[in-house]
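Here the structure is laid out as structure tokens; the discussion comes afterwards.
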Amino acid sequence: MDTQHLLEGLRFYLSPSLLVALIPTAIIISITILVKSASHWKPILLWLFAGIFMWCYLAYWSMQGFLIFPLGVDAPGSFAIPFALLGGIVAGIAVYGGSNYYMRSRNWSGLFLIIIGYLIFVFVAFSILNNRGVF
């Protein structure tokens, strides 16, 4: 049953998750590149933006909680909110660090970090969308 639910979710919710994950990724990359600030608050604000964006996305679709995709375990709302918030912050840290590193050294490892952050955004968005009708 979980495998069937996952395959149906891949068919219906993967492409919207890929598009939704582009929004915070593009915003973080563009602000990192365009705003040359000496302030230490810029990365913190971008990380918080990423976490709040994913939390708002969760609030829009599924405040009741959801199944965490690889675990297949019911997660209550008290776990779903920190999962979305922390997942967004971790993805924001990866995207910001990757874009900063790529700007400085033009190395592939910066792009690799950006891709990892984007995939974390996709994972969180897919988990939210795929399991919004579970309860």
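Peptides 96-103, 40-47 ranked from most to least packed by the mean count of surrounding Cβ atoms within 10 Å: 96-103, 40-47. Karplus-derived 3J(HN,Hα) values for the stretch 11-23, using 6.51 cos²θ - 1.76 cosθ + 1.60 with θ = phi - 60°, are 5, 9, 10, 6, 5, x, 5, 5, 6, 5, 5, 5, 4 Hz; glycine and proline are entered as x.
All of the numbers you see were taken from the coordinates with simple rules; none came from a lab. The shown structure was predicted, so the numbers you read here are calculated from the model rather than taken from an experiment. We place every Cβ from the backbone using ideal geometry, glycine too, and count neighbours over all the protein chains shown.
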